[in-house]
Every structure is written in structure tokens, then in C-alpha cells.
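Here is the structure we will look at.
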Amino acid sequence: MAASTALADAGIEMQGIVVACSAAVNQGRIILDPLTSEAASSQGRLILAGLPALGTITNLWQSGSLSAEDVLQCIDMCHNRFKDLHDVIIDALTQSNRAKQAATLAENVQSKSIK
């Protein structure tokens, strides 16, 4: 996520922002973005990555022993989390862009006043 956010912040044209979410199944509970200790003690883990703006899943990794039902629930929960993650990243990029525009404007005003 950090790499695609950095590329977007640098103005590199892309088809979308990559986001990812991990899930662990621990004692029948699904934990999104688990702590290292929660992941280590889980029966299985899943990482899902994709491009929410395109509705595309790009990667799916599963480790450990998960039932088909657990895998599908993890995928569904991670996919639902994608929108939240995407919205946070887009908001940060928007704020960064506004800050860059304000800095450029201030720099232009300052350089004109010096002349």
C-alpha cells in the first residue's frame, strides 16, 4: 500500500491504489489486521490485496489450516475493509496535494515580493 500511495503522491499515473488486508482465524474468531502474537497463535491466516477503484483482487495468500467457510468469510471481511483503507489513502493524497499547492503558491508569492 505504501508503494502505490507514494507513487500516486509523486504524480505517477496508475490505474488505482493497491490496498491490502490480513485476517487470522483464532479460536473461531476472525481478526482483521492481527497483531503478530494473534497471527502466530491462529489456526490460519489470509492476506488479500486489490484495487478497490477497479473492483479487482490482485493477490490472495493463505497459510495454515482454514475451512472453505473461514476463507470465504476472511475474503469478504477484508474486501469490505478495502473501501475504508482506500478512502483513508485518497484523503491523505488529497491533503498532500493541497499542501503542495499551498507551498507552491506561497513560494510564488514570496519570489514575486522579493523582485
Study note, to complete from the structure: Taking segment 1-54 and the residues there that are free of Cβ contacts under 8 Å to residues at least 12 places away in the same chain and more than 26 Å from Ser65 (Cβ to Cβ), the one that is nearest to the chain's Cα centre (by Cα) would be Ala2
Review point. Given (1) of a type in the set (Gly, Ala, Ser); (2) assigned to a helix (DSSP H, G or I); (3) over 30 Å from Gln101 (Cα atoms), where does Ser63 come up short, assuming only one miss?
Key: (2)
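Read the figures in this text as sums done on the coordinates, not as results from a lab. Just so you know, these numbers come straight off a predicted model, no measurement behind them. All Cβ positions, even for glycine, are placed from backbone atoms using ideal geometry, and neighbour counts span all protein chains on display.
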